[in-house]
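Peer 1: Once you've had a glance at the structure underneath, I'll fire off some questions.
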Amino acid sequence: MMSDAHILEIKHTNGKLRLILKTTDFSGITKTIRKKMEEAKDFFTGESIIIDAYGIVQPLPWKKLAAVLEEYQLNVLGIYANARLLPTVLADGFEHIDLGKTAATPVPTTQKAPVATPVTKTVTPAKAPNEPAIPTAKTIIKDAPIQATTTASAAPTMLIERQLRSGERIYAAGGDLIIVGNVGHGAEVIADGNIHVYGHLLGRAIAGAKGDSAARIFTTYLDPQLVAIAGIYRLFDGEATPEALKKTVMVSLKNETLTFDSIKS
């Protein structure tokens, strides 16, 4: 049985969501898409997506594939196909998108910001009806809870001192989020700034929700379902897990790639 990584990948490239197909097993593709969408819940809702079929050699039922993606409110912009598949793509009425060219000149779309749209649709801030500006604090020292909560000019910090259970969502609008306790499997924590979890991070953590690529995720125990910073995400499905798993970790974004650095005392 092929692993998910040998069937497809879903990632952001140049600000667009990209479905990279690695097999012509349509049943396996649809099952893997559904599995990843269920794991990600509504993280991808409302995004536009390009189907990257350049690496496969046989055509697929493109309309059926698009229908599966549309079930999860993903808008198919077009298909990147090789010369062998191109006639079938055009015959089914899809636009051919040359990713080699669009890397330098993005395809015009009405796509919204990768993370801000899903977050604002699915999360209702517990407080603060007017969302403040994105925080400018970039170091763990500046993000210290005492400074953030006592300085009038600093971005607000939300402090939660309890365990978060499956189904719970916490959104720190305009600032950082500090959790003193475990973030359980199925729970979700979101912040426009940094996220600090002084406990086990087992659920989903989304930092820099409005596009702040300098945001960080800190936790004393990393074993999540998903982490994301400024629209770049990583699903943890048992494959290719970082060496920092189950350790004290800082997650950061470097060159559009999530990095996992162990924090040693």
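The values are calculated or read from the model by the stated rules, or taken from the named source; none is laboratory data. Everything quoted here is computed from the prediction, not taken from an experiment. Heads up, the Cβs are rebuilt from the backbone with ideal geometry, glycines too, and the neighbour counts pull from every protein chain shown. Surface areas here come from the heavy atoms of the whole protein model, side chains and all, with no ligands, DNA or RNA. Shrake-Rupley method; radii C 1.70, N 1.55, O 1.52, S 1.80 Å.
Peer 1: Just name the residue that is most open to solvent (accessible area, probe 1.4 Å) out of those in segment 1-59 that are of a type in the set (Ser, Thr, Tyr) and closer than 24 Å to GLY203 by Cα.
Peer 2: As a first pass, look at segment 1-59 and keep what is of a type in the set (Ser, Thr, Tyr): 3, 13, 23-24, 27, 30, 32, 45, 48, 54.
Checking the rest, the ones that are also closer than 24 Å to GLY203 by Cα come to 3, 32, 45.
Details: SER3: 36, THR32: 6, THR45: 21 Å².
Top of the filtered list is SER3.
Peer 1: In segment 201-227, which residues are open to solvent by 30 Å² or more (accessible area, probe 1.4 Å) and of a type in the set (D, E, K, R)? Full working, then the answer.
Peer 2: Initial filter on segment 201-227 (open to solvent by 30 Å² or more (accessible area, probe 1.4 Å)): 202, 210-211, 213, 216, 220-221, 223, 225.
LYS210, ARG216, ASP223, listed by residue number.
Peer 1: Return the residue satisfying two criteria in turn: it lies in segment 74-118 and is among the aliphatic types (A, V, I, L, M) and modelled with pLDDT under 50, and of such residues it is surrounded by the most Cβ atoms within 10 Å (Cβ to Cβ).
Peer 2: To start, the set of residues in segment 74-118 that are among the aliphatic types (A, V, I, L, M) comprises 74, 76-77, 79, 81, 83, 85-86, 89-91, 97, 99, 103-104, 107, 113, 115-116.
If we keep only those that are modelled with pLDDT under 50 as well, we get 103-104, 107, 113, 115-116.
Values: ALA103: 10, ALA104: 7, VAL107: 17, ALA113: 16, VAL115: 26, ALA116: 16.
The extreme case among them is VAL115.
Peer 1: Filter segment 136-168 down to residues that are modelled with pLDDT of 85 or more and crowded, with 17+ Cβ neighbours inside 10 Å, then give me how many there are.
Peer 2: Qualifying residue count for the region: 4.
Peer 1: Another question, then. Among the residues of segment 172-181, what is the count of those that are open to solvent by 10 Å² or more (accessible area, probe 1.4 Å) and touching a Pro at 6+ places or on another chain (Cβ under 6 Å)?
Peer 2: 1
Peer 1: Looking at segment 182-198, which of the residues that are open to solvent by 10 Å² or more (accessible area, probe 1.4 Å) and small (Gly, Ala, Ser) is nearest to LEU235 (Cα to Cα)?
Peer 2: Restricting to residues being open to solvent by 10 Å² or more (accessible area, probe 1.4 Å) and small (Gly, Ala, Ser), the top hit is GLY186.
Peer 1: Return only the number of the condition from (1) assigned to a loop (DSSP other than H, G, I, E, B); (2) without any contact (Cβ under 8 Å) to a residue 40 or more places away in the chain that ALA209 does not satisfy.
Peer 2: For ALA209, the exception is condition (2).
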